[in-house]
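Peer 1: Before I ask anything, let me first share the structure, which is written out below as structure tokens.
The values are calculated or read from the model by the stated rules, or taken from the named source; none is laboratory data. Every value quoted in this text rests on a predicted model; they were computed, and no experiment measured them. Glycine also receives a Cβ, built like all others from the backbone with ideal geometry; neighbour counts cover every protein chain displayed.
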Amino acid sequence: MKKIIYVFSILTISVALTSCFSGSADDARSSLEELTEELAKPSVEYDVVEIEGLYSMKVPDFMTVTTQLQEDASLQYNNPFKEKYVTVLDEENDEIMDFMTDYGVYDESKSKLENYVDTRLSYLTESGISVINQTDLKSEMINGRKAFSTMIDATVPDIAEDITYYFTYVEGKEHYYMISAWTLLSRKDSFTEEVKEMTSSFKEL
């Protein structure tokens, strides 16, 4: 598997240091503090995981494969000690369209992907989760495929700490994909960039 290692190059550090000393003393001090904090962050290595010739996605190498997170998910990785989890669910377009039409939940004024997102998000609220905060749906392109993403902070029954969920929905050629990642709300800041790296790497094969 291909591993990607994130490190600062000598050129990047040199440019940053030059910038620090070209301004005022306060600006230099602030820039140096920011650089020190950035350099102190541990680098993260990613493995590229390919699933059944259908799609590939980067996953942090501190996560290991599991089958305990989501029954129908084709990709499931976690690190229980870090409380970080990710799954990918793939569903055939025709089956999803038939389901939404049969149950009268398809909205003709919205795109197929938007209908899929609405249906999936409705399952979340019906599960008993209480949403604390939810970001607006973000429309984006991920390696040539239309996608929407959102982040939700929520209280979950029987779990002492609040949870942050990251959902990304991708429209493929013949499948819809739901990338779900989650962690404790208290660990949200340390996971957000890792989730972005994972979701932005998603590629239908």
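Peer 1: Suppose we keep only residues that are among the charged types (D, E, K, R) and surrounded by fewer than 14 Cβ atoms within 10 Å (Cβ to Cβ) within segment 108-139. Which one would you say is modelled with the lowest pLDDT? Step through it out loud before you land on a result.
Peer 2: Start the filter on segment 108-139 by keeping residues that are among the charged types (D, E, K, R), which leaves 108, 110, 112, 114, 118, 120, 126, 136, 138.
Narrowing the set further to residues that are surrounded by fewer than 14 Cβ atoms within 10 Å (Cβ to Cβ) leaves 108, 110, 126, 136, 138.
Details: Glu108: 91, Lys110: 93, Glu126: 81, Asp136: 96, Lys138: 97.
Ranking the candidates gives Glu126 first.
Peer 1: If you don't mind, there's one more thing I want to ask. If the requirement is being at pLDDT below 95, under 18 Å from Val195 (Cβ atoms) and of a type in the set (A, V, I, L, M), which of these qualifies: Val105, Val44, Val59, Val48?
Peer 2: Result: Val44 is the single residue among Val105, Val44, Val59, Val48 that is at pLDDT below 95, under 18 Å from Val195 (Cβ atoms) and of a type in the set (A, V, I, L, M).
Peer 1: Specify which of the listed residues (Tyr169, Tyr123) is closer than 20 Å to Gln76 by Cα, assigned by TED's automatic domain parsing to the domain that holds Thr87 and not in a helix (DSSP H, G or I).
Peer 2: Residue meeting the stated conditions: Tyr169.
Peer 1: Let me ask another. Could you count how many residues in segment 140-152 are polar (S, T, N, Q) and either surrounded by fewer than 15 Cβ atoms within 10 Å (Cβ to Cβ) or more than 19 Å from Tyr165 (Cβ to Cβ) (or both)?
Peer 2: Taking segment 140-152 and keeping what is polar (S, T, N, Q), we get 143, 149-150.
Still in the running and either surrounded by fewer than 15 Cβ atoms within 10 Å (Cβ to Cβ) or more than 19 Å from Tyr165 (Cβ to Cβ) (or both): 143.
Residues flagged as polar (S, T, N, Q) and either surrounded by fewer than 15 Cβ atoms within 10 Å (Cβ to Cβ) or more than 19 Å from Tyr165 (Cβ to Cβ) (or both) within segment 140-152 amount to 1.
Peer 1: In the list Val59, Val117, which residue meets the criterion of being part of a strand (DSSP E or B), in contact (Cβ under 8 Å) with a residue 40 or more places away in the chain, in the same structural domain as Glu171 (by TED's automatic domain parsing) and in contact with a Phe, Trp or Tyr (Cβ under 7 Å, 6 or more places away or on another chain)? Write out each step before concluding.
Peer 2: Numbers: Val117 fails: part of a strand (DSSP E or B).
Sole residue among the options that is part of a strand (DSSP E or B), in contact (Cβ under 8 Å) with a residue 40 or more places away in the chain, in the same structural domain as Glu171 (by TED's automatic domain parsing) and in contact with a Phe, Trp or Tyr (Cβ under 7 Å, 6 or more places away or on another chain): Val59.
Peer 1: May I ask you to list the residues in segment 78-104 that are assigned to a helix (DSSP H, G or I) and under 20 Å from Glu52 (Cα atoms)? Working first, answer last.
Peer 2: Taking segment 78-104 first, the residues assigned to a helix (DSSP H, G or I) are 93-102.
Correct list: Asn93, Asp94, Glu95.
Peer 1: Consider Ser149 carefully, then state whether it is modelled with pLDDT of 95 or more and among the hydroxyl-bearing types (Ser, Thr, Tyr).
Peer 2: yes
Peer 1: Across segment 126-166, which residue is nearest to Asp98 (Cα to Cα) among those that are assigned to a strand (DSSP E or B) and of a type in the set (Asp, Glu)? Break it down into steps so the answer makes sense when it comes.
Peer 2: Applying the first criterion (assigned to a strand (DSSP E or B)) to segment 126-166 yields 130-134, 138-142, 145-155, 163-166.
Filter once more, keeping what is of a type in the set (Asp, Glu): 140, 153.
On the way: Glu140: 26, Asp153: 31 Å.
Ranking the candidates gives Glu140 first.
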